[in-house]
Structures are given as C-alpha cells and as structure tokens.
1. Would you confirm whether or not region 293-310 contains a residue that is in contact (Cβ under 8 Å) with a residue 60 or more places away in the chain, hydrophobic (A, V, I, L, M, F, W, C), assigned to a loop (DSSP other than H, G, I, E, B) and within 24 Å of His27 (Cα to Cα)?
2. Can you tell me which residue in region 142-169 is farthest from Ala123 (Cα to Cα), limited to those that are surrounded by fewer than 24 Cβ atoms within 10 Å (Cβ to Cβ) and of a type in the set (Gly, Ala, Ser)?
3. Against the condition in a loop (DSSP other than H, G, I, E, B) and either touching a Lys or Arg at 6+ places or on another chain (Cβ under 6 Å) or touching a residue at least 24 places away in the same chain (Cβ under 8 Å) (or both), how does Asp339 come out, does it pass?
4. What is the one condition in (1) out of contact with any Leu (no Cβ under 9 Å at 6 or more places or on another chain); (2) farther than 25 Å from Gln46 by Cα that Arg267 does not satisfy?
5. Those residues that are crowded, with 22+ Cβ neighbours inside 10 Å and not small (Gly, Ala, Ser), I need them from region 65-79; list them, please.
6. Kindly indicate which of Arg151, Arg111, Arg201 is closer than 24 Å to Cys271 by Cβ and touching an Asp or Glu at 6+ places or on another chain (Cβ under 7 Å).
7. Among the residues of region 341-350, is there at least one that is buried (at least 24 other Cβ atoms within 10 Å of the Cβ), modelled with pLDDT under 95 and either in contact with a helix residue (DSSP H, G or I) (Cβ under 7 Å, 6 or more places away or on another chain) or within 16 Å of Val227 (Cβ to Cβ) (or both)?
Amino acid sequence: MANIAVEARRADAANVGRVLDYLEAHHPSALRLVTTGAPGDDVAMQDACDVVYTLALLGRTDLLTAEGAAAFAISVGRWRLAGGLNAPPGHRQAASVHLTAYVLGSTALWRAAGFDISIELVAAPEWHLHELFDDELRPRWPATWSHHSWRVSHWIGGAPSILLSLHRLAPDRCRTQGVPALADVLAASDALVDGETGLLRAYRSQFLQSMFRAAYRLRHDPQVGDVGGVVHLHWVNYAAGRLPYKAAGALFQRAVALLERTPFIERTPYCLDFDVIQIVRTAAPSPSSLDRERARRLAADISHFFEAGLTADYRLHRLPGALATQHECALITGDRSVDGLDMAPLDIIQAAGWI
C-alpha cells in the first residue's frame, strides 16, 4: 500500500511539473513577472493573472514573491480599471469589466498568499461605479451584445464580481465612496434571469435571438453558451451565499445534460468545463452517484490531457479553467486530493470571486 501511495504522489508531482514546464517554455515572461518581479512591459495583464491563478490552483503559491507582487501592481498600473478604481477617465489604456474582475480576483489570491496589494490597485480618489451599473443597479453592457448570452455575461457577472471584490478588499473605501450593497446589485441582476429556464435573458426580441442562435450554431453550441453565460452571474451569487439560484432545478438539468459530453465540452479543457461542473455542484442540494462518477472521469481526463496536451497551441487562458475544473470535480466527489495535483481542492470562486 505504501508503494502505491508513493507512486500516486509521484504521478501528481509529475502533473504539477508538466504545468510549470509549460509556463516556463511558453509563457516565461508572465511567470517571471509574478515569481521574481522581472519587468513585464511585454506581458499582457490577462497572462499575468492567468499565471497567478494557475499557481494557486497548483498549490504552488510558494513561488509568488513580494517582488512579483510589486511587479504585478506596476503592470496593473498601466491600465485604467473599469469603474475608474485606479485612475480617472481618459487616462491609461482601459481594462474591460471582465479583465478588471480578473485582476481583482488575482489580487485576492495575492492577499491569501501573504502579499496585499489591494489598496494601491483601487486608489483613485473617486470611483466611477456609475460606469458599471445603471440607476436601477443593473449591470451595464453594450446593447449590441444583448443576444450573445455568454459574451454579455462578462458584464452582467463581471460588474457584481468587481463589487464583491471591492467589499472584500477595501471595505473602508466602499463606505466612503457610497458603494451600493452587493445584495441589492445581485437582486437587480437576477431580474435578468428567466424564471422558467434559469438562463440570462438580456435580449428583447425573440425573433432576433432566434436568428443569432442560428448563426452562432455554425461555430459553437448555443446551449453551452446559455449555461456558460448565466454562470458568470451565479459565481457572485454563490460567493455571496445567495442560494438557491433562480430556477435552479431547470438550470441544473441543463448543466447535467451538458456534462454527458466527453471527454470535454470542446476539443480541449477550459473554462466552459468549469462553468458546467460548477453549476452541477452548486445548483443542487447534493450530487448523485452519477454526477460523482462523471466528475471523477472528467478530472482524470484532464490529467491525461496534461500528459501531452500542454503545447504551444494550448492557450494560457484555458489553463486556469482546466485546473479549476479538476478542483470542482474533487469538491463533488469528496476526494481529499485533486486528481493529478496532490493538494486539497480549492473553491476558487469563494477564494477569488471570478475566473
């Protein structure tokens, strides 16, 4: 038995090593920025966040350093975060709502690792949260994307996620800035969820929606986009303890049906797999034996993918989603260790509020 345990640990360590080798081979600048503080003018902000999330999900936040935290903060400073959290309008390159939520989620992970850079990232004298929410506290989004559930969800879920992070990271500033209560914003956001299907309904014309879905189906499955869309909002509902979700039963059944696809939702594992498995875990009181078996197989399939799939063609932004999926699988199965990672599962949405 002891030999079996040793071999299992070796296999787990090999998977962690493979991921670290992938980062070193294909994204060395982003890796060195957060681990050594090496200047990263050429590093995309999303890439830096991806590496922070990846190290957290590998259980290797010991690789993060004070120099890396300082370099990360400097890199963020090149951007104007959504809502003017760190700079006034018209100054610096604008970060999207999605990227801003991701930066703040990364900041929470930095803080958990012992490096708190939150205050300097939200240091603007006056925030401009009216850019994120309308007078009824609903998230703002570009009207042109109203028929694209998955894309528009980056605003509908991203803006509440930013608010969640602000209340967690800078509660005193929230009070002085008159930031609205998260519960009020989420209640307004939930009004955008259909009470029968459990899906987002940001559009007004069913005819135009049908035309969009027909076109969207040429490249992606709109049913996956539906579930992957509303999940972005429910991440924040979940992190805030607002359960059950609106029309949770219908949404759960949709997610379970998608989970029947193998080995992944698309050709390689990424955030869509996480979207589906996270809803399966959080939308039902408890998982069934079939859900646990499917989760165990999904985690194993991702481990198998890591053995040969971490090539230059695999996009970095897919990696945190794939790893987070494995963690969700372990939370469903009740396993003490994540498949292939030799660490206890991390509830990344509770920890960071976004991914």
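1. yes
2. Ser146
3. On the way: in a loop (DSSP other than H, G, I, E, B): yes; either touching a Lys or Arg at 6+ places or on another chain (Cβ under 6 Å) or touching a residue at least 24 places away in the same chain (Cβ under 8 Å) (or both): yes.
Against the criterion (in a loop (DSSP other than H, G, I, E, B) and either touching a Lys or Arg at 6+ places or on another chain (Cβ under 6 Å) or touching a residue at least 24 places away in the same chain (Cβ under 8 Å) (or both)), Asp339 qualifies.
4. (2)
5. Within region 65-79, Phe72, Val76 meet the criteria.
6. Arg201
7. Yes: region 341-350 contains one or more residues that are buried (at least 24 other Cβ atoms within 10 Å of the Cβ), modelled with pLDDT under 95 and either in contact with a helix residue (DSSP H, G or I) (Cβ under 7 Å, 6 or more places away or on another chain) or within 16 Å of Val227 (Cβ to Cβ) (or both).
Each row is one residue, and each column tells you yes or no for (1) among the small types (Gly, Ala, Ser); (2) in a helix (DSSP H, G or I); (3) more than 29 Å from Pro180 (Cα to Cα).
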| position | (1), (2), (3) |
| --- | --- |
| Leu31 | no, yes, yes |
| Glu67 | no, yes, yes |
| Ala71 | yes, yes, yes |
| Glu120 | no, yes, no |
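The values are calculated or read from the model by the stated rules, or taken from the named source; none is laboratory data. It should be emphasised that the depicted structure is a prediction, and the values quoted were computed from it without experimental measurement. Because the Cβ atoms are built from the backbone with ideal geometry, glycine has one as well, and the counts that use them run over all protein chains shown.
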